[in-house]
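Q: Take a look at the following structure, please.
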Amino acid sequence: MQTVNTTSLTLKENRLWILDQQALPQEKCWLPCDDVEQLVGHIRALRVRGAPLIGLSASLLIALLAERGLPRTELKQALQTLRAARPTAVNLMNNLDRMKLALAQPDWVAAMAEEALRLVDEDRILCDRIADNGAEWVKPGSRLLTHCNTGGLATAGVGTAIGVLLRAHQQGKITQVWVDETRPLLQGGRLTAWELGELGIPYRLICDSMAASLMAEGLVDAVWVGADRIAANGDVANKIGTYSLAILAHYHRIPFYVAAPHTTHDPDCPNGAAIPIEQRAAAEVTGVSGSFGSCQWAPVDAPTYNPAFDVTPAALISGWVLDCGLITPEQVTDGIFLQAMGSKETLSA
Ligand code: MRU
């Protein structure tokens, strides 16, 4: 297969490599990914993460396995196994559906390679369009708050919410980005802080619990987040803590924007309550561990609750910035997001 190079995925000499996002920013460590079990392990451990990226990694691996001669029945099984790796981000399911169609083609090995590469190229284009569309809504001198990590690490391109921040920064409109550390897995503190530093975007890292007082002090002009799934009524599942920010933004009358590709929209999911939310291990709450070391502060047997995502109701969202343009709350007042999206031009599959 043709070489692929993104910030955190590489395909060269017919081998897939992922940049270990658990080791960043302390170590830049590329891990090979040769079979489905290995990739599922990387996805579950968040070594490869972010809604678009997990879908792309799965598509590239499955295309590689087809080229290596894995029989069709095993490829079908592999699609099923990968689909179950993480439940919340719909991009994984969407990409695998596209790969399944390619697998049904007469020349399925070539069709799967083409489709996987097309998905990567499309994601780059979608990110650029989101960035362009979103930057229009950023006012000069903005101090923006973001949550989790939505940048080049999580996509094949410039990212979604971070793509918007980058484009607005290039247009000279950003005074500062407030980066939520994003407990429990610290995607903000580890990954977004690192990416913004690399991009030269001025930022300050905060603990999640500081957002409210910053807003009360008038230090936040808008909140920009990504999405893992957008339901048919516009409700949005994203990293745990997003919903709290939306409530805070609403209370303080601060715009709250969601940036995502149209492929994050799930028309089959009627509302947020129908979005499956991944539950994760207790150890992520009772302590913290990574390339910086490990520490447990709670009693070993402390009962925990650890949902990886939460749902922000459409009513709290000021705008959904997609590749096809901005969708306003007025456009979804009848609760049908798809209709609003249908009037926009999307990148056809
Ligand atoms: O658990 P993660 O790190 O995969 O969660 C990621 C997020 O919630 C992102 O905001 C979302 O996937 C959008 S990435 C462009």
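The values are calculated or read from the model by the stated rules, or taken from the named source; none is laboratory data. Quick caveat, the model's predicted, so the values are computed rather than measured. We place every Cβ from the backbone using ideal geometry, glycine too, and count neighbours over all the protein chains shown. What goes into the accessible areas is simple: the full protein's heavy atoms, side chains included, and nothing from ligands, DNA or RNA. Shrake-Rupley method; radii C 1.70, N 1.55, O 1.52, S 1.80 Å.
Q: Sorted by packing (mean other beta-carbon atoms within 10 Å per residue), highest first, where do 235-246, 21-32 land? Spell out each step's value before the answer.
A: On the way: 235-246: 24.9, 21-32: 15.5.
Per-residue mean Cβ counts within 10 Å order the peptides as 235-246, 21-32.
Q: With axes computed from alpha carbons, what is the tilt in degrees of helix 242-251 against the longest principal axis of the chain, rounded to the nearest 10 within 0 to 90?
A: Orientation of helix 242-251: about 30 degrees from the principal axis.
Q: Now for a different question. Run the quick spin-label model on residue 273 and residue 128: label points 7 Å from Cα toward the beta carbon, then report their separation in nm to one decimal.
A: 4.3
Q: For region 4-127, build the charge dipole from Cβ charges (+1 Lys, Arg; -1 Asp, Glu) around the Cα centre, then report which of 85, 75, 39 sits farthest towards its positive end.
A: 85
Q: A further question follows. Considering only protein heavy atoms, what is the solvent-accessible area of residue 250 at a probe of 1.4 Å, reported in Å² to the nearest 10?
A: We get 110 Å² for residue 250.
Q: Which angle from 0 to 90°, rounded to the nearest 10, does the C-alpha axis of helix 161-170 make with the longest principal axis of the chain?
A: 70
Q: From largest accessible area down, sort 12, 76; use a 1.4 Å probe on the protein chains. Please report the intermediate quantities before stating the final value.
A: Details: 12 100, 76 120 Å².
So the residues, ranked largest to smallest area, are 76, 12.
Q: Can I ask one more? Ignoring ligands, DNA and RNA, what percent of the 1.4 Å accessible area of region 132-342 is carbon and sulfur?
A: Numbers: 4610 of 8220 Å².
C and S atoms contribute 56 percent here.
Q: Related question: Provide the per residue accessible area, probe 1.4 Å, for region 132-342, rounded to a whole number of square angstrom. Intermediate results must be reported in sequence, preceding the final value.
A: Working: 8220 Å² over 211 residues.
Normalised by residue count, the accessible surface of region 132-342 is 39 Å².
Q: Leaving out ligands, DNA and RNA but keeping every protein chain, what accessible area does residue 209 have, in Å² rounded to the nearest 10, with a 1.4 Å probe?
A: Residue 209 has an accessible surface of roughly 100 Å² with all protein chains in place.
Q: Could you tell me how many degrees, from 0 to 90 and to the nearest 10, lie between the Cα long axis of helix 108-135 and the main elongation axis, the longest principal axis, of the Cα atoms of the chain?
A: Approximately 10 degrees, to the nearest ten.
Q: State, as an integer percentage, the relative contact order of the chain based on alpha-carbon contacts under 8 Å between residues 6 or more apart. Each step should come with its number before you reach the end.
A: Values: 719 pairs, mean separation 54.6, N = 349.
Over the chain, the number comes to 16 percent.
Q: A follow-up question, please. How large is the helix-only mean residue ellipticity at 222 nm for the chain, computed as the sum of -39500 (n - 2.57) over DSSP H runs with n ≥ 4, divided by its residue count, in deg cm²/dmol to the nearest 500?
A: Values: 11 runs with 123 residues, N = 349.
Calculated at 222 nm, the ellipticity per residue is -10500 deg cm²/dmol.
Q: Grab the other residues whose beta carbon is less than 12 angstrom from that of residue 231, score K and R as +1, D and E as -1, and report the net. Don't skip to the answer; put the middle values down first.
A: On the way: positive: 229; negative: 228, 235, 266, 268.
Summing Lys/Arg as +1 and Asp/Glu as -1 gives -3.
Q: Order 175, 328, most accessible first, counting only protein heavy atoms with a 1.4 angstrom probe.
A: Numbers: 175 75, 328 35 Å².
Correct descending sequence by accessible area is 175, 328.
Q: To continue, here is another question. Please give me the summed charge of the neighbours of residue 278: other residues whose Cβ is under 13 Å from its Cβ, Lys and Arg +1, Asp and Glu -1. Before the final figure, lay out each step's value.
A: Values: positive: 44, 49, 86, 229, 239, 280; negative: 228, 284, 310.
Net charge in that neighbourhood comes out at +3.
Q: Next up: GNM on the chain, C-alpha springs below 10 Å: top fluctuator among 77, 331, 187?
A: Of the options given, 77 has the highest mean-square fluctuation.
Q: Would you please give the FRET efficiency between residue 217 and residue 139, computed as 1/(1 + (r/R0)^6) with r the Cβ-Cβ distance and R0 = 22 Å, to the nearest 0.05? Please list the in-between numbers first.
A: Numbers: r = 18 Å, r/R0 = 0.83.
Efficiency for this residue pair is about 0.75.
Q: Next question. Give me the percent of the accessible area of region 25-124 that comes from carbon and sulfur atoms, probe 1.4 Å, all protein chains in place.
A: Values: 2110 of 4000 Å².
Exposed carbon and sulfur together represent 53 percent of the surface.
Q: Accessible area per residue for region 39-78 in Å², computed with a 1.4 Å probe and the full protein assembly in place, what is it? Don't skip to the answer; put the middle values down first.
A: Details: 1240 Å² over 40 residues.
Value returned for region 39-78: 31 Å² of accessible area per residue.
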